[in-house]
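K.L.:
Before anything else, here's the structure in question.
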Ligand code: GLC
């Protein structure tokens with residue numbers, strides 16, 4: 001698969017509450033996004049993905065939708081949205097919306113109806129099941145499935161006898177029943193509504209998990225996958241639904257689907273998703289290869305192996321190092337003190353691998369996690385709180401350890417307000433306005449205004465890598481081949497019609513010897529994150545050479 005425009009351009013993710021505050025209430029909104037379109041255009045951005053802006057109680061920051069057809073008043077009005085569509089069109093920027101249809105919010109009228117009237121047709125929009133009883137007659141949920149956000153995946157229905165509903169995420173996010181044809185019809189209607197407004201397509205939230213094949217007890221598959229997931233991850237029913245949606249409403253409108261495919265999908269599943277289903281997708285393996293269960297740092301050795309597997313087996317990955325659920329790449333993938341150079345190395349990799357590069361707001365200026373995290377009482381992410389509670393209540397872990405685990409799994413770091421300049425509100429909001437979440441002290445250093453005139457800045461490097469890929473058929477379509485090097489180096493070539501690029505990346509903060517010798521490369525140096533050349537690779541060094549395959553021999 002692969003829509004051409006999507007293959008040709010990077011996608012810039014906006015987390016609306018933290019991007020730009022247009023009305024001075026300390027929260028980002030659509031007016032704010034419109035005010036920053038010149039900024040995005042100047043960066044060379046052609047596609048933006050908006051995390052959810054629909055009406056929502058915001059328990060999971062919009063990933064709990066109450067009304068799919070209206071804009072959350074916190075973010076503005078439908079007029080603001082229409083203006084955004086007009087203004088992006090003028091600039092040749094396309095807009096991707098987030099589509100969250102594994103679940104709705106418990107505030108959605110369908111769910112309210114389903115609860116208040118078990119006879120209503122909406123009851124079957126969700127998954128209600130009778131609980132079990134153990135030998136002693138005690139009530140148990142219908143099965144042993146766990147929520148991806150800790151605890152049982154079942155919530156007892158108040159006022160009904162032994163009745164539960166399924167929620168793979170929080171209990172405020174009841175799962176939709178994709179066995180019901182009506183649910184598919186509703187979702188296709190939603191898609192058409194927004195496509196008719198001019199959106200380019202959808203980033204489909206946890207789309208690999210929507211179709212539950214059975215409700216049998218689960219066995220634990222591998223670390224990180226919740227119990228039960230083998231019954232609902234990448235099922236045949238899931239593939240069939242995506243094929244239907246694509247054929248019914250996406251293809252006729254020339255739209256795209258980007259899938260968030262969690263739950264431990266394999267490259268083989270990924271290959272299937274790219275056949276008449278999704279244009280590209282995100283896997284989690286390269287995000288979850290931590291040094292160990294307690295560490296919040298990625299093992300670059302594990303990362304390299306996993307990345308090569310995905311890159312060689314799957315035609316067009318959605319490549320990403322950051323998003324609203326992950327820590328900043330400079331904290332997670334870069335070890336030691338060379339974080340600026342490391343940020344540029346990550347950007348080099350992102351834009352030269354095969355697949356679509358996804359960039360998360362702030363990554364272009366090298367945004368960081370908070371230096372020491374946020375105190376628990378300032379954390380708004382439901383995952384931070386549930387992990388802390390689990391560690392304290394179930395495992396009786398000390399406070400500091402519980403906080404460490406909560407921070408590792410929590411998502412508050414990525415959700416700090418954006419920094420555009422050095423004014424008091426960092427260009428996110430106006431002077432004197434209290435932002436919804438505390439500004440990150442690193443905003444002072446890592447912001448566009450502070451970096452724009454410095455030729456060595458991260459943002460100027462970002463512009464270079466983005467420009468290098470724009471219209472570059474070798475990087476867009478060229479095949480990828482990895483060279484055999486030790487774990488510290490990632491070395492690959494991208495080749496199309498005998499022309500290509502050679503990419504050499506030092507994945508570590510140590511000096512390392514390049515085994516093939518640079519002098520053997522018939523080369524034209526096109527990009528590097530160090531100014532001069534050395535005989536060895538310095539910490540996180542990244543070099544991109546233009547090569548001519550015929551001459552190379
Ligand atoms: C996805 C979203 C995440 C959300 C979850 C449940 O993983 O990226 O933010 O909490 O789905 O909708």
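K.L.:
Report yes if residue 344 is buried (at least 20 other Cβ atoms within 10 Å of the Cβ) and over 25 Å from residue 15 (Cβ atoms), otherwise no.
P.N.:
no
K.L.:
Now for a separate question. Would you please name the residue that is nearest to the chain's Cα centre (by Cα), looking only at residues in segment 138-160 that are more than 16 Å from the ligand (Cβ to nearest atom) and within 21 Å of residue 110 (Cα to Cα)?
P.N.:
The qualifying residue nearest to the chain's Cα centre (by Cα) is 154.
K.L.:
In segment 190-228, which residue that is within 21 Å of residue 142 (Cα to Cα) and under 20 Å from the mean Cα position of the chain (by Cα) is surrounded by the most Cβ atoms within 10 Å (Cβ to Cβ)?
P.N.:
In this case the residue turns out to be 209.
K.L.:
Among what's in segment 315-330 and is buried (at least 22 other Cβ atoms within 10 Å of the Cβ) and away from the ligand (no atom under 14 Å from the Cβ), pick the residue that is farthest from residue 50 (Cα to Cα).
P.N.:
Residue satisfying both the conditions and the ranking: 330.
K.L.:
Let me ask something else about it. Which condition breaks for residue 270 when tested against (1) within 16 Å of the ligand (Cβ to nearest atom); (2) not in a loop (DSSP other than H, G, I, E, B)?
P.N.:
Just one mismatch for residue 270, condition (1).
K.L.:
Keeping to segment 404-454, report how many residues are touching a helix residue (DSSP H, G or I) at 6+ places or on another chain (Cβ under 9 Å), away from the ligand (no atom under 16 Å from the Cβ), part of a loop (DSSP other than H, G, I, E, B) and within 20 Å of residue 324 (Cβ to Cβ).
P.N.:
Going through segment 404-454 one residue at a time, the tally reaches 12.
K.L.:
Let me ask something additional. Any residue that is touching a residue at least 24 places away in the same chain (Cβ under 8 Å), in a loop (DSSP other than H, G, I, E, B), within 16 Å of the ligand (Cβ to nearest atom) and within 21 Å of residue 205 (Cβ to Cβ) - is there at least one of those in segment 35-50?
P.N.:
There is no residue in segment 35-50 that is touching a residue at least 24 places away in the same chain (Cβ under 8 Å), in a loop (DSSP other than H, G, I, E, B), within 16 Å of the ligand (Cβ to nearest atom) and within 21 Å of residue 205 (Cβ to Cβ).
K.L.:
Scan segment 62-77 and report the pairs whose first residue is farther than 19 Å from residue 191 by Cβ and part of a loop (DSSP other than H, G, I, E, B) and whose second residue is away from the ligand (no atom under 16 Å from the Cβ) and at pLDDT 95 or above, with Cβ atoms within less than 7 Å and a gap of 6+ or a chain change.
P.N.:
Qualifying pairs under 7 Å: 74/27; 74/29; 75/29; 75/30; 76/29; 76/30; 76/31; 77/71.
K.L.:
Out of 126, 122, I need the residue that is farther than 30 Å from residue 406 by Cβ, surrounded by 15 or more Cβ atoms within 10 Å (Cβ to Cβ) and over 23 Å from the mean Cα position of the chain (by Cα). Which one? Steps first, answer last, please.
P.N.:
Values: 126 fails: farther than 30 Å from residue 406 by Cβ.
On inspection, the qualifying residue turns out to be 122.
K.L.:
Starting from segment 249-276, keep only residues that are on the phi > 0 side of the Ramachandran plot and in contact (Cβ under 8 Å) with a residue 24 or more places away in the chain, then list their pairs with residues that are within 16 Å of the ligand (Cβ to nearest atom) and assigned to a helix (DSSP H, G or I) whose Cβ atoms are within a distance under 6 Å, requiring at least 6 positions of separation or different chains.
P.N.:
Partner pairs satisfying both residue conditions: 263/208; 263/209; 263/229.
K.L.:
Can you pull out the residues in segment 129-143 that are assigned to a loop (DSSP other than H, G, I, E, B) and surrounded by 15 or more Cβ atoms within 10 Å (Cβ to Cβ)?
P.N.:
131, 141, 142, 143
K.L.:
A further question on this structure: With (1) away from the ligand (no atom under 16 Å from the Cβ); (2) surrounded by fewer than 22 Cβ atoms within 10 Å (Cβ to Cβ) as the list, and residue 380 as the residue in question, which single condition is left unmet?
P.N.:
(1)
K.L.:
Now a separate question. Filter segment 246-264 down to the residues that are within 25 Å of residue 145 (Cβ to Cβ) and at pLDDT 95 or above, then identify the one that is nearest to the ligand (Cβ to nearest atom).
P.N.:
Within segment 246-264, the match that is nearest to the ligand (Cβ to nearest atom) is 260.
K.L.:
Follow-up question, since we're still on this one. I need the full set of residues from segment 466-490 which are over 29 Å from residue 45 (Cβ atoms), out of contact with any helix residue (DSSP H, G or I) (no Cβ under 6 Å at 6 or more places or on another chain) and touching a residue at least 12 places away in the same chain (Cβ under 8 Å), in order please.
P.N.:
Correct list: 481, 483, 485, 486, 488, 489.
K.L.:
Looking at 172, 69, can you tell me which residue is within 16 Å of the ligand (Cβ to nearest atom), out of contact with any strand residue (DSSP E or B) (no Cβ under 7 Å at 6 or more places or on another chain), more than 19 Å from residue 207 (Cβ to Cβ) and modelled with pLDDT of 95 or more?
P.N.:
The conditions single out 172.
K.L.:
Something else about it: So, of the residues in segment 95-107 that are over 21 Å from residue 195 (Cβ atoms) and part of a loop (DSSP other than H, G, I, E, B), which turns out to be nearest to the chain's Cα centre (by Cα)?
P.N.:
Here the residue is 105.
K.L.:
Just one of 257, 278 is touching a strand residue (DSSP E or B) at 6+ places or on another chain (Cβ under 7 Å) and in a loop (DSSP other than H, G, I, E, B); which is it?
P.N.:
None of the other options fit; the residue is 278.
K.L.:
For segment 144-163, check the following and say yes or no: at least one residue is at positive phi and in contact with a strand residue (DSSP E or B) (Cβ under 9 Å, 6 or more places away or on another chain).
P.N.:
Yes: one or more hits.
K.L.:
Name the pairs whose Cβ atoms lie under 7 Å apart, with the first residue in segment 375-388 and in a helix (DSSP H, G or I), the second modelled with pLDDT under 95 and within 12 Å of the ligand (Cβ to nearest atom), and 6 or more positions between them or separate chains?
P.N.:
From segment 375-388, the pairs are 382/149; 383/149; 386/149.
The values are calculated or read from the model by the stated rules, or taken from the named source; none is laboratory data. It should be emphasised that the depicted structure is a prediction, and the values quoted were computed from it without experimental measurement. Ideal geometry is used to build each Cβ from the backbone, glycine not excepted, and the neighbour counts take in all protein chains shown.
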